[in-house]
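Remarks on the structure that follows.
The values are calculated or read from the model by the stated rules, or taken from the named source; none is laboratory data. Just so we're clear, the structure is a prediction, and the values are computed from it rather than from any experiment. Glycine gets a Cβ as well: all are built from the backbone with ideal geometry, and neighbour counts include every protein chain shown. To get the accessible areas, we keep the full protein, side chains included, count just its heavy atoms, and leave off ligands, DNA and RNA. Shrake-Rupley method; radii C 1.70, N 1.55, O 1.52, S 1.80 Å.
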Amino acid sequence: MRAARMRLAVWLLPAVVVTYAGFQRRWMSDDAFIYVRTVRQVLAGNGPVFNAGERVESSTGTLWQWLLVAAGAAGADPATAAVYGGLVLTGVGFALAGLGALRLYGDRAAVPLGSLVLLGLPPVWDFATSGLETGLATCWIAGAWMALSTRPASLATSVLLGLGPLVRPDLGLVSAVLLGAQWLLARPSRRGVLAGAVAAGALPGAYEIFRAGYYGHLVPLPAVTKEAAESLWGRGFGYLGDFAHPYLLWVPALFVLAAVWASRGGGCVYGEHGERDAWATARLVAMLTPVVAGLLCWVYVVKVGGDFMHGRMLLPGLLLVLLPVFVVPVSRVGLLAAVGVGAWAVVCAGWLRTPYVGHIGPGGIADERGVYVRHNADPHPVHHTFVGAAHHRDYARTVRAAARSGAPELLFGRAARTAAATATTPAGSSSSSSSHSPPHSPSVTASYVVLGLNGSAVPLDGVALDPVGLSYPLAAHSERIGGGRVGHDKRLPPAWLAADRGDPADLPPWIDAAQVDAARRALRCGALAELRDATRAPLTPGRFLRNAAGAWERTSFRFPSDPVRAERELCGD
């Protein structure tokens, strides 16, 4: 009985601790409010879009978005569901990881090790909530690995392993590695291979067909904006160092490696008499698979230049690498390693922090939670008030006042400089081409770099855009300007917004009319006109098929942000 209680504590206690730590640091990121607006649009009957009348996929985590839709349909506030749902999923993920590691070692007594590494890191506490899909990723990774270790031949396991691209597109790498390991473990017949492939690919494949036909793209729009296929190795290594150095991550790494090295000839790899048997080989595959997947995740994150949120994109890879040693069998070296990592975790949790707590660091990487705690003057900023950030608060007030006025109005950027918006005709009207105007008449159109805030301030029948391109196809498909933060290094000039959404008879004086005219002509030419039709034209069966057929070219299409150059390249002489 005592041994059973000890095993229960080993896998359950870390889950309780991370849930408590996450609750103590609960918050909502601005990017999570991007999900919330899309959820509100779905519940309002406008479809999975950020703005009514324009088919744009601004949510990176497809499965997370639809889980929030389900929560909203059940009557929950989407923002509250995002924060506390992520917290619950993080705790469940830790419990599954511990249980999966215990099963690797049979009935042997065990002590926590990898779980202590994660529990010592402040970014793990921060992204236990945040409203983003990180909690879902934690739960899926741990659950998929446990299913692979226990029921590798099951079709249900294949379905679960294949969900990676729907959790986050980059987790498709993890799905591929897990499915390869499933084949090694199950060694199915040809018919079994086919059945497993169909089971694994059914949901992601079906959604990819929907994405290509409905949105006209092969990936969510933020992946286009952030140029997820390009390489920025220097920035990526800087992002890795920004995470590893402040917390002295080499210290727990040495203890973990020592525990792994000491157990290399033990029962975790070999049979009772030292020979490599089938069960031991299966355990070895189960142990190596998440490590390979985690290293690939890190390589990808470094390749694309990292992220602007401190540590966030490295956490899934770290969890994967630590899964086989989430707990380790009791031995002299295992106990010493657990004590060493535990001591480091206490020091890390209590004293080690980034040098830019509550701010954006010199490399553009932010202590994102600290920034929103400061901006909201609230230790738990779930619903943002921005009482500590006057420029955000004043902008939101301006947008809401413009929406209440009822007159079509176009707002540009932080200063909320205004102009008249185009009065457009409804979708399907013969008096206006869908490639020349949006298919509905918004009360207010506003562009702001903080998109979650903008989406919260602009009503659902208005248009909330951003010059970076997370919700605005024109900005997303423009060329990088360089020098910006990772993922925020596109900035569409206001002339494009005026040309696309403004009233030609009422341009603000600070915008060059020649630039607007050039942008207007470019919008009617070639791939740019097709991009607008793909996202704004009425979704007929023919339009769906044209979107799907052109999705590859459309996803890779880029144009110069300078309107004169764009007109010259797209329209010719």
Original post:
For the range 164-184, does any single residue satisfy the condition of being part of a loop (DSSP other than H, G, I, E, B) and more than 18 Å from Q65 (Cβ to Cβ)?
Top reply: no
**OP:** Quick one: count up the residues across the range 129-143 that are aliphatic (A, V, I, L, M) and either more than 15 Å from L96 (Cα to Cα) or open to solvent by 20 Å² or more (accessible area, probe 1.4 Å) (or both).
**Re:** 1
Original post:
When the range 555-573 is examined, which residues are found to be touching a residue at least 60 places away in the same chain (Cβ under 8 Å), closer than 14 Å to L523 by Cβ and touching a strand residue (DSSP E or B) at 6+ places or on another chain (Cβ under 9 Å)?
Top reply: F559, P560, S561
Subject >> Selection from the range 239-268 of residues that are modelled with pLDDT under 95, open to solvent by less than 50 Å² (accessible area, probe 1.4 Å), out of contact with any Lys or Arg (no Cβ under 8 Å at 6 or more places or on another chain) and of a type outside the set (A, V, I, L, M, F, W, C) >> reply: S263, G266
Original post:
Could we say that V387 is under 22 Å from T80 (Cα atoms), open to solvent by less than 70 Å² (accessible area, probe 1.4 Å) and among the β-branched types (V, I, T) here?
Top reply: no
**OP:** Working carefully through the options T281, T289, find the one that is at pLDDT 65 or above, in a helix (DSSP H, G or I), of a type in the set (S, T, Y) and crowded, with 20+ Cβ neighbours inside 10 Å.
**Re:** T289
**OP:** Consider A15 carefully, then state whether it is crowded, with 20+ Cβ neighbours inside 10 Å and over 18 Å from G131 (Cβ atoms).
**Re:** yes
**OP:** Kindly establish whether P504 is open to solvent by less than 20 Å² (accessible area, probe 1.4 Å) and part of a loop (DSSP other than H, G, I, E, B).
**Re:** no
**OP:** Name the residue, out of I481, I511, that is open to solvent by less than 40 Å² (accessible area, probe 1.4 Å), farther than 21 Å from N51 by Cβ and not hydroxyl-bearing (S, T, Y).
**Re:** I511
Original post:
Going by the conditions given, is V56 buried (at least 23 other Cβ atoms within 10 Å of the Cβ) and either in contact with a Leu (Cβ under 6 Å, 6 or more places away or on another chain) or not in a helix (DSSP H, G or I) (or both)?
Top reply: yes
Original post:
Just to be sure, is L545 part of a loop (DSSP other than H, G, I, E, B) and at pLDDT 95 or above?
Top reply: no
Original post:
Which condition breaks for V83 when tested against (1) hydrophobic (A, V, I, L, M, F, W, C); (2) touching a residue at least 24 places away in the same chain (Cβ under 8 Å); (3) open to solvent by less than 30 Å² (accessible area, probe 1.4 Å); (4) in contact with a helix residue (DSSP H, G or I) (Cβ under 7 Å, 6 or more places away or on another chain)?
Top reply: (4)
Original post:
Do we find that E208 is open to solvent by 50 Å² or more (accessible area, probe 1.4 Å), under 20 Å from the mean Cα position of the chain (by Cα), modelled with pLDDT of 95 or more and within 30 Å of E530 (Cβ to Cβ) in this structure?
Top reply: yes
**OP:** For P152, state whether it is out of contact with any strand residue (DSSP E or B) (no Cβ under 8 Å at 6 or more places or on another chain), modelled with pLDDT under 95 and surrounded by 22 or more Cβ atoms within 10 Å (Cβ to Cβ).
**Re:** yes
**OP:** Taking the residues in the range 328-371 that are closer than 25 Å to G234 by Cβ and of a type in the set (S, T, Y) as candidates, determine which candidate is surrounded by the fewest Cβ atoms within 10 Å (Cβ to Cβ).
**Re:** Y356
Original post:
Counting only residues that are part of a loop (DSSP other than H, G, I, E, B) and of a type in the set (S, T, N, Q), which one in the range 24-48 is farthest from A70 (Cα to Cα)?
Top reply: S29
Subject >> Filtered residues of the range 1-28 (kept if out of contact with any helix residue (DSSP H, G or I) (no Cβ under 6 Å at 6 or more places or on another chain) and among the polar types (S, T, N, Q)) >> reply: Q24
**OP:** Please identify the pairs in which a residue from the range 449-473 that is over 14 Å from E57 (Cα atoms) and of a type in the set (V, I, T) has its Cβ atom under 6 Å from the Cβ atom of a residue that is open to solvent by less than 10 Å² (accessible area, probe 1.4 Å) and in a strand (DSSP E or B), counting only partners at least 6 apart or on another chain.
**Re:** V458/A446; V458/A464; V463/N51; V463/T445
Original post:
Out of all the residues in the range 18-33, which are β-branched (V, I, T) and open to solvent by less than 10 Å² (accessible area, probe 1.4 Å)?
Top reply: V18
**OP:** Report yes if some residue within the range 220-233 is more than 21 Å from the chain's Cα centre (by Cα) and surrounded by 14 or more Cβ atoms within 10 Å (Cβ to Cβ); otherwise report no.
**Re:** no
Subject >> Top-ranked residue of the range 162-205 - restricted to ones that are open to solvent by 40 Å² or more (accessible area, probe 1.4 Å) and closer than 26 Å to W298 by Cβ, ranked as nearest to the chain's Cα centre (by Cα) >> reply: P169
Original post:
Can you tell me how many residues in the range 518-573 are buried (at least 18 other Cβ atoms within 10 Å of the Cβ) and on the phi > 0 side of the Ramachandran plot?
Top reply: 0
Original post:
Could you list, in sequence order, the residues of the range 107-129 that are in contact (Cβ under 8 Å) with a residue 60 or more places away in the chain and part of a loop (DSSP other than H, G, I, E, B)?
Top reply: R108, A109, L113, G120, L121, F127, A128, T129
Original post:
What pairs come up if the first residue lies in the range 163-186 and is in contact (Cβ under 8 Å) with a residue 24 or more places away in the chain, the second is among the acidic types (D, E) and surrounded by 23 or more Cβ atoms within 10 Å (Cβ to Cβ), and their beta carbons are under 7 Å apart, counting only those six or more places apart or on different chains?
Top reply: V167/E133; R168/E133
**OP:** Determine which single condition G469 fails, assuming it passes every other condition in (1) more than 27 Å from the chain's Cα centre (by Cα); (2) crowded, with 22+ Cβ neighbours inside 10 Å; (3) outside any helix (DSSP H, G or I).
**Re:** (1)
Original post:
Here is a list of conditions, (1) free of Cβ contacts under 8 Å to residues at least 24 places away in the same chain; (2) in a loop (DSSP other than H, G, I, E, B); (3) among the aliphatic types (A, V, I, L, M), and L132 meets all of them except one; can you say which number that is?
Top reply: (1)
